[in-house]
1. Roughly how many whole Å is it from the C-alpha centroid of region 14-62 to that of region 79-150?
2. Using only the alpha-carbon atoms, what does the chain span along each of its principal axes? Please give whole angstrom values in decreasing order.
3. Whole number in Å², please: accessible area per residue of region 14-156, 1.4 Å probe, ligands, DNA and RNA not counted.
4. So what's the back-of-envelope 222 nm ellipticity for the chain, counting only DSSP H runs of four-plus at -39500 (n - 2.57) apiece and dividing by all residues, rounded to 500?
5. With every protein chain left in place, what is the accessible area of Tyr95 in Å² (1.4 Å probe, nearest 10)?
6. Please find the FRET efficiency linking Arg16 to Ala49, where r is the Cβ-Cβ separation and R0 is fixed at 22 Å, and quote it to the nearest 0.05.
7. Does anyone have the angle between helix 99-115 and the longest principal axis of the chain? Alpha-carbon axes, 0 to 90°, nearest 10?
8. Need the full-extension length gain, Ala133 to Glu108, defined as separation in residues times 0.36 nm minus the C-alpha distance. One decimal, nm.
Amino acid sequence: VPDDPALLDGVLAGERGEVWSGVTVGHGESFADLYLWFAGFLPGFCKLAADEGTELAQERKSWFPFGVVRGDSFAYLSVRPALEGRGVEFGARAYGAHGGEAATAMVEQIQAWDERGGTEPGFEYWPTGSAPARFPDDVAVLQKTHGLVAITWPAC
């Protein structure tokens, strides 16, 4: 939940911006761990909901319910046709005064995820009180109720 959700009141009334990543996937290719990557490396990552009848809900076929909040602005994962109709390109659509910053942060993480080359993530669980003192910067660490989950993506 954003620190102050009221900062987002009326944000959809403004202009929408877009930033595209250059990262493409073919139809049927899995990108299931992209959301896990966001959860580990994208501060402000969240899940979005759009009420039926809204403009955002009407374009639901071109976006996914994952976003990033930056104060009074947000961006969300979106796709557009690519690969001569055989796939899509990932990008971010954004609203708010700092929407471009949010979209750029999301796109940078899409590109970082893509650079790891499709390797499967590895998981470790550290019960409370047993985790190492420090994790490397390239390890996603998620705080859970009774410990930490460390997620790594092996280098290609």
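1. 12 Å
2. 48, 41, 25
3. Details: 7910 Å² over 143 residues.
Using a 1.4 Å probe on heavy atoms only, each residue of region 14-156 averages 55 Å².
4. Details: 3 runs with 30 residues, N = 156.
Mean residue ellipticity, 222 nm, calculated: -5500 deg cm²/dmol.
5. Here the residue's solvent-accessible area equals roughly 20 Å².
6. Working: r = 18 Å, r/R0 = 0.80.
Result of the calculation: an efficiency of 0.80.
7. Helix 99-115 sits at roughly 50 degrees to that axis.
8. The Ala133-Glu108 span can extend by a further 6.2 nm.
The values are calculated or read from the model by the stated rules, or taken from the named source; none is laboratory data. Model, not experiment: these values are computed from the prediction. Note that we place each Cβ from the backbone using ideal geometry, even for glycine, and neighbour counts take in every protein chain shown. Side chains included, ligands, DNA and RNA excluded: accessible areas come from the protein's heavy atoms. Shrake-Rupley method; radii C 1.70, N 1.55, O 1.52, S 1.80 Å.
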